[in-house]
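Derivation of every value follows stated rules applied to the coordinates shown; laboratory data play no part. Worth saying up front: this structure is predicted, and the values here are computed from it rather than measured. No Cβ is skipped: glycine too gets one built from the backbone with ideal geometry, and neighbour counts run over all protein chains shown.
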Amino acid sequence: MSDEFFEVEDLYMYYRTRIGPVKAVDGVSFSINRGETLALIGESGCGKSSLAKSLIRLLPRNVEIFKGHIYLDGEDLMKMSESQFRKNIQWQRISMVAQAALNSLNPVIKVGEQVAEPLIIHKEVDKKTALERAREVFSLVGIPEAFIDRYPFELSGGMRQRTIIAMALIMNPEIIILDEPTSALDVLTQANIMNLLKKIRNESNISFILITHDVGLSSELADKVAVMYAGQIVELGDAENFYSSPLHPYSQKLMASVPTLRRDKTPEYIPGAPLSLINPPKSCRFADRCPFKMEICSKEPPVVSLEKGRFVRCWLHAK
Amino acid sequence: MSYRIKDQIKELFQYKYALIGIGILLVLIGISIYTVIAIPYHQATYLWRGGEGIWLDYPRNAMPSWINFFLPKKLPETIILDTQKTQKGVTKVIVPFGEQASKVRIELTFNYLYDDFPSEINLFYSAKYNVSSPHLTIYWIKPEGQRFKLRELTLRKNGAYYISNDGKLALNLQNYYSQKIGEEPNYVMSPEIGLFAVEDKSVSKLETATPLKGRYLMVIEGTLFEKNSDVNVKLVVYGKVYGAAGTDHLRRDLSIALLWGTPIALSFGVIAALSIAMIQIIIAAISAWFAGRVDFIVQKITEVNMILPFLPILIMISVFYSFSIWMLLVVVIALSIFGSGVKTYRAVFLQIKEFPYVEAAKAYGASSLRIVFLYIIPKVLPTIIPSLVLSVSDFVFLEAAMALLGLGDPVAPTWGKIIEDAYSTGALYKGYFYWVLEPSFLLILTALGFALLGFSLDKIFNPRLKER
């Protein structure tokens, strides 16, 4: 397991609100190998985006607790100061394609300059060299070079998404966090973007953390899958085993909700709503919606480790 | 959001109002450039502050000459006859007379074809002599041949014979007319009326008295007692109209102040509006972005500053430290930067601050200042330009208002200063409407130019107002 160069251990991130802390990221652990893609799936409001922001330390003002360990090549990023992190890690080794990527472009500067911005900020290279590099990345993500002089409003949604990806690529990072990279795009463009991401993954050694609520989409890219529920990872495993046989009842329900083309199956839904992250119960957080609810589920479920680094947080699999 | 400047300028030209506004502003800018080049500032202030000495040949409180186009009666222009200049109607003959002395005869003729009396008549002279000063007798001959002996003069080296103020002459004329028409004129006849009036019954009343049109002649005869003695005279028959703008109570040509008022008003307004808006935006952006304590302090300063009355403080400062117009500009800016604009812009910035692209910038490590200046401020600039253009005229008016209150620049000739002079000498009461209307017209024209341009810009930058 020497390849596991990025490792998150017991990461907590709580938001402060007037009625108590929101436990958006509540003890999350996972690891990725170089060049591997982790798909992080879960419903809206389960803490996926909060986790992504924690990883790149893009914290809102009202953070109450932010603790745990994030190891990159054995170095604990959590011990770094804000400025150290910004200087050495942010965007240079870990970059991000933000949610609502379509609005993530400054409307008043040209996309070429926008893509070159991180380079200008961090490497202090002159604008010309930065734009040269921007041109390279543009061709990598499949945007015609002429677009470099356009403003964001002159680009289509797909093109803008590619621009954002180009911006994430420009510093040659080791990890790119993709926070719902295709959420506002039509299906064809989605497919295009996914193909682009596949191409990038195949041609380089970049690891992706793909955050999505679209189980089908995640299967296209994922090497590993983590299912998140109410601020916790409830199941983590390699893609092959996960998609064929999910273990956690929530994962099973999630898979069952995906319509399939070949088999004659009615998509299911999960009754109830995800619970509030303010003051979650000590019990299993999924217990209220779980079809296999048992007596023991009122106690906090253990993390059950299985073969190949797979684990699941459920009493069903505890020995 | 469209941000192509070229396209927007093209769009601007589609609005007729914008074209009118731009036209007005271009004219004003043209006037400014011409003024600054043609009349350097020090020359302008010298002329404006120089006192009556410089302006002796100019009529007092004369209306602009173009007023004649609109009046049935033709008002007189100023006539100057100078023996030192070769001029039609001026002859000077010196004939030797004995050993030392010589006789001099000067004839000054001019055609007077106006329907109103001149406002004043003066004769300036200069004489060259060592001990014995020349002695002259001055005659006035009207077109119909009547001959008046005005005065005998023993000259000083430099001096003037103020014909209009000659009380003895006035009395003589009064008697002359009384005998001639058999009726005492019912007013105190001043020499300029007596010397020009038609000699019939009409002269008995001021309202009916009319000047006689025709060829007037002034003859000056005398003796020079020394060999190298010389004498020169200049007759000034002051009119009632002058130049393009008229003159004020100190005979000053108003066009100097009107011309110089243009670059001063434009630069004052533009600099004030631009710098106040820019500084307010920057303060608001910093306040919104850094939040917390910075925001608190900035907002408190703004609130206190908004409560303080602007004009009284400005008046107080300028009473204590009488200062130039540029100092006034600095004080106006200083008092305004924590104005209500800070509150408005901050509200907008608080929204923009949460936009995804700002978060993205944070994610790739852009510094706070970079985000403020490259991401947040440029976003609002297009919407601010129209109000900025509209606010220029506020500051032009403010400068005029300060001048009217007597708190303007003591040296610079400005529109406000003209209005102040007019106001303090009771111009409207005396009927000198041109004196107030000219600077007012320019002030309104300036405001109109900026307003038309501003409203059109508003339509372009503010999509909700778009007509097409």
- Under the 7 Å Cα-to-Cβ spin-label approximation, B:SER440 and B:ILE80 lie apart by a distance in nanometres of 3.2
- To the nearest 20 debye, the range A:195-287 has a Cα-centred charge dipole, built from +1 on Lys and Arg Cβ and -1 on Asp and Glu Cβ, of 140
- How much FRET efficiency would the formula 1/(1 + (r/R0)^6) give for B:LYS430 and B:ARG370, where r is the Cβ-Cβ distance and R0 is 41 Å, rounded to 0.05? 0.05
- Bins of 10 Å, starting at 0 and running to the largest distance - Cα pair percent for the protein assembly as shown: 2, 10, 14, 14, 11, 9, 8, 7, 6, 5, 5, 4, 2, 1, 0, 0
- Approximate spin-label separation B:PHE296-B:VAL95, in nm, with each point projected 7 Å along Cα-to-Cβ: 10.2
- Query: Cα centroids of the range A:197-259 and the range B:88-126: how far apart, whole angstrom?
  - Reply: 113
- Per residue, how big is the convex hull around the C-alpha atoms of the range B:180-231? Give it to me in cubic angstrom, could you? 123
- Task: Could you calculate, for chain A, the ratio of the Cα radius of gyration to the Kirkwood radius, expressed as Rg to Rh?
- Result: 0.98
- Computed [θ] at 222 nm, deg cm²/dmol, chain B (DSSP H ≥ 4; -39,500 (n - 2.57); rounded to nearest 500): -16000 deg cm²/dmol
- Message: Can you give me the orientation-averaged projected area of the convex hull built on the Cα atoms of the range B:148-290, in nm²?
- Response: 17.1
- Note on the structure: Taking the alpha-carbon centre of each part, the distance from the range A:65-95 to the range B:209-273 in Å is 83
- Query: If you place +1 on the Cβ of every Lys and Arg and -1 on the Cβ of every Asp and Glu, how big does the dipole about the Cα centre of chain A come out, in debye to the nearest 20?
  - Reply: 640
- Message: In the range B:70-238, if the dipole is taken from +1 on Lys/Arg beta carbons and -1 on Asp/Glu beta carbons about the Cα centre, which of B:ALA101, B:TYR177, B:SER133 is farthest to the positive end?
- Response: B:ALA101
- Note on the structure: Once the dipole of the range B:150-204 is set up from charges on Cβ (+1 Lys and Arg, -1 Asp and Glu), the residue from the list B:ASN186, B:SER204, B:TYR162 lying farthest towards its positive end is B:TYR162
- Projected onto the charge dipole of the range A:6-302 (+1 at Lys/Arg Cβ, -1 at Asp/Glu Cβ, origin at the Cα centre), which of A:TYR250, A:ILE70, A:CYS284 gives the Cα projection farthest towards the positive end? A:CYS284
- In debye to the nearest 20, the charge dipole size for chain B, taken about the Cα centre with +1 at each Lys and Arg Cβ and -1 at each Asp and Glu Cβ, equals 880
- Task: Take the Cβ-Cβ distance between B:TRP326 and B:GLN43 as r, set R0 to 22 Å, and report the resulting FRET efficiency rounded to the nearest 0.05.
- Result: 0.75
- For a label point 7 Å along the Cα-to-beta-carbon line of A:VAL303, residues of the range A:44-80 with backbone N under 11 Å: A:69
- Item | Value in Å of the Kirkwood radius, where chain B supplies the Cα pairs that are averaged | 27.3
- With r as the distance between the Cβ atoms of B:GLU207 and B:LYS168 and R0 = 25 Å, compute the FRET efficiency 1/(1 + (r/R0)^6) and round to 0.05. 0.45
- Query: Measuring from label point to label point, each 7 Å out along Cα→Cβ, what is the B:ALA244 to B:TYR139 span in nm?
  - Reply: 4.4
- Query: Any idea what log10 I(q)/I(0) is at q = 0.08, 0.09, 0.15 Å⁻¹ for the range B:70-238, Debye with uniform C-alpha scatterers and no solvent?
  - Reply: -0.26, -0.33, -0.84
